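Novice: Before I ask anything, let me first share the structure, which is written out below as structure tokens.
The values are calculated or read from the model by the stated rules, or taken from the named source; none is laboratory data. Note that this is a predicted model, so its numbers are computed, not measured. In this analysis, Cβ positions are derived from the backbone assuming ideal geometry, glycine residues included, and neighbour counts consider all displayed protein chains.
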Amino acid sequence: MKREEKNALSRQRILEAALEEFSCKGYDGASLNTVWTKKGISKGIIYHYFKDKDELYLLCVEACFDALTEYLKTVSVTLSGPARKQLQEYFDARLSFFSVHPLYLGIFADAVFRPPAQLLPEITVRRKAFDELNISVLTKLLRSENLRAGLSVDTVVEDFRIYMDYFNMRFQMDFSAEDSLKDILDKHEERCHQQLDILLYGVLGEHNES
């Protein structure tokens, strides 16, 4: 086996072990000691390929968001029908991704709901394509609908981004540490979908009188 191939396999083996560790325990609970003890990977080999715990964590975050974004890009081009139906299909696809890739669930939940503060700028960079895809899907839906007079697609999108920043911050504060990661994600996706539905269609029923 060539040196380059051996190096690539070694890096991949370490990344897979780190992905499992971070997914199960999150950044705060994860330990590289566990990686080299349970997986039989020497400490020296890990630090030969990777600088520290932070670098390994960020690579796992990057792998998670890259895979999720590519999956959702494929889904987004198949969306059709009324905007409400497309939204439901898109959010269903976000959840179905994690049922197929359960290890990424822990990485996603940790990076989104309880990110290590010192790594937040780096996490933001690594999830940028995912955030941009979500905005592009919303923008496409808005352009297929008639907006109220005086509103523009750009204005609605910007207001939604501001609101979702606040929503995610409150969600981080409110979720129970006793909930499973799946329950946390299910609750987040349900509430996020609900908030987007309210943004698009309001809160008043069809038969409310002025």
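Novice: If the requirement is being assigned to a helix (DSSP H, G or I), free of Cβ contacts under 8 Å to residues at least 60 places away in the same chain and more than 20 Å from Leu105 (Cα to Cα), which of these qualifies: Thr37, Thr74?
Specialist: One residue alone meets the criteria, Thr37.
Novice: Applying the selection to segment 40-64, what residues are closer than 18 Å to Gln12 by Cβ and touching a residue at least 40 places away in the same chain (Cβ under 8 Å)?
Specialist: Once the filter is applied, which keeps residues that are closer than 18 Å to Gln12 by Cβ and touching a residue at least 40 places away in the same chain (Cβ under 8 Å), segment 40-64 yields Tyr49, Leu56, Tyr57, Leu58, Leu59, Cys60, Val61, Glu62, Ala63, Cys64.
Novice: Scan segment 18-55 for residues that are modelled with pLDDT of 90 or more, touching an Asp or Glu at 6+ places or on another chain (Cβ under 9 Å) and farther than 22 Å from Ser180 by Cβ and jot them down.
Specialist: Asp54
Novice: Filtering segment 21-79 down to residues that are touching a Ser or Thr at 6+ places or on another chain (Cβ under 8 Å) and among the hydrophobic types (A, V, I, L, M, F, W, C), which residue is surrounded by the most Cβ atoms within 10 Å (Cβ to Cβ)?
Specialist: Cys60
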